[in-house]
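The values are calculated or read from the model by the stated rules, or taken from the named source; none is laboratory data. Remember, predicted model here, so these are calculated numbers, not experimental data. Every residue, glycine among them, receives a Cβ derived from its backbone with ideal geometry; neighbour counts consider all protein chains shown. For the accessible areas, the whole protein counts, side chains as well, though only heavy atoms, and no ligand, DNA or RNA atoms are used. Shrake-Rupley method; radii C 1.70, N 1.55, O 1.52, S 1.80 Å.
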Amino acid sequence: MKKIISILLLICICLTGCSLQKEYDLCGKDRIEALRAEAAQWESGRYLFTDLSTGEMNQAFSFRYEADGSQTCLYERVVGKQYDLEYYGGGKNYKRSAGNVSVIKEGEEGYVSYSREAPHPYSTGDLLFYVNLYAAFSSESTDEDGNTVYTYIYDTEKLNKVLGMSLTGFSTEYVFDKDGAFLYFTQTNSDSDGSYSYRIDAVDINAVDVIADPEAEG
């Protein structure tokens, strides 16, 4: 699961701006681009990650903008039986990994902060991956519940040239209900080590009132 997120973040960084080159008239293009544009403007929200191979929700990313324009973020994940987290806000970075805790305060070396001008990359809608220029195939279908499913299969040869990776498969799905509301996103990527699939649900949109400081909670 961690590998999936690492690949996604790398792709988002390396392909920034490519989605602006709208070369292909893909199925659901306008709806997907509108969703991502809306997500970039959310004041707060949570992204929940489910490993589709196990059905377990094992990662969550929460964010909110504070009154002063700063951004508070909490990234939680379960690795085996270990609960790890990263917290950014309140003038500090608090991280807990494999039982080890580190705290970096504002002004100290390595300190990172996020804001409206420089938001956390997971909070901008980029987790709902879409790059028009690199899509090789798209389709629209209806699932057994009557939801609309847009499927995108990406050109791994193009991706690998940009990323310096050896992906053998990369595909995404966006699912919308009968009323056009976004339900969830899935991504599957594969390489020589195997195939990895996960689902992202976006919840509590503009409704996260507070993100508690995990250090203060103990």
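Is it true that some residue in the range 20-29 is hydroxyl-bearing (S, T, Y) and assigned to a strand (DSSP E or B)? Walk me through how you get there before you give the answer.
Quick first cut of the range 20-29, residues hydroxyl-bearing (S, T, Y) only: 24.
From what is left, the residues that are assigned to a strand (DSSP E or B) are none.
Looking for residues that are hydroxyl-bearing (S, T, Y) and assigned to a strand (DSSP E or B), one finds none in the range 20-29, hence no.
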Since L35 meets every condition but one in (1) assigned to a helix (DSSP H, G or I); (2) modelled with pLDDT under 65, which condition does it not meet?
(2)
Tell me, please, whether a residue that is modelled with pLDDT of 95 or more and of a type in the set (V, I, T) can be found in the range 77-99.
no
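Every residue, every condition in (1) in contact with a Pro (Cβ under 7 Å, 6 or more places away or on another chain); (2) of a type in the set (S, T, N, Q); (3) outside any loop (DSSP other than H, G, I, E, B); (4) open to solvent by 50 Å² or more (accessible area, probe 1.4 Å), yes or no:
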position	(1), (2), (3), (4)
S171	no, yes, yes, no
Y196	no, no, yes, yes
I205	no, no, no, yes
V210	no, no, no, yes
Out of (1) under 20 Å from Q59 (Cα atoms); (2) open to solvent by 70 Å² or more (accessible area, probe 1.4 Å), the one K161 does not meet is (1)
Taking the stated definitions as given, is K81 basic (K, R) and touching a Lys or Arg at 6+ places or on another chain (Cβ under 6 Å)?
no
Out of (1) farther than 29 Å from T186 by Cα; (2) surrounded by fewer than 16 Cβ atoms within 10 Å (Cβ to Cβ), what's the single condition that is false for S70?
(2)
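Quick check, is F176 under 19 Å from F49 (Cβ atoms) and in contact (Cβ under 8 Å) with a residue 24 or more places away in the chain? Talk me through it step by step, then tell me what you get.
Numbers: under 19 Å from F49 (Cβ atoms): no; in contact (Cβ under 8 Å) with a residue 24 or more places away in the chain: yes.
Answer is no for this residue.
Residue by residue, here is whether (1) within 27 Å of L183 (Cα to Cα); (2) without any contact (Cβ under 8 Å) to a residue 24 or more places away in the chain holds:
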{"site": "G89", "(1), (2)": "no, no"}
{"site": "R96", "(1), (2)": "no, no"}
{"site": "G110", "(1), (2)": "no, yes"}
{"site": "Y122", "(1), (2)": "yes, no"}
{"site": "L127", "(1), (2)": "yes, no"}
State yes or no: is D179 surrounded by fewer than 16 Cβ atoms within 10 Å (Cβ to Cβ) and either at pLDDT below 95 or not in a loop (DSSP other than H, G, I, E, B) (or both)?
yes
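If I go through the range 87-98 residue by residue, how many of them are under 24 Å from T54 (Cα atoms) and either of a type outside the set (A, V, I, L, M) or open to solvent by less than 30 Å² (accessible area, probe 1.4 Å) (or both)?
Initial filter on the range 87-98 (under 24 Å from T54 (Cα atoms)): 97-98.
Narrowing the set further to residues that are either of a type outside the set (A, V, I, L, M) or open to solvent by less than 30 Å² (accessible area, probe 1.4 Å) (or both) leaves 97.
Number satisfying all stated conditions: 1.
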Under 7 Å between Cβ atoms, at least 6 apart or on separate chains: pull out the pairs that start in the range 129-142 with a residue that is under 13 Å from D25 (Cβ atoms) and end on any residue that is open to solvent by 70 Å² or more (accessible area, probe 1.4 Å) and part of a strand (DSSP E or B).
F137/I153
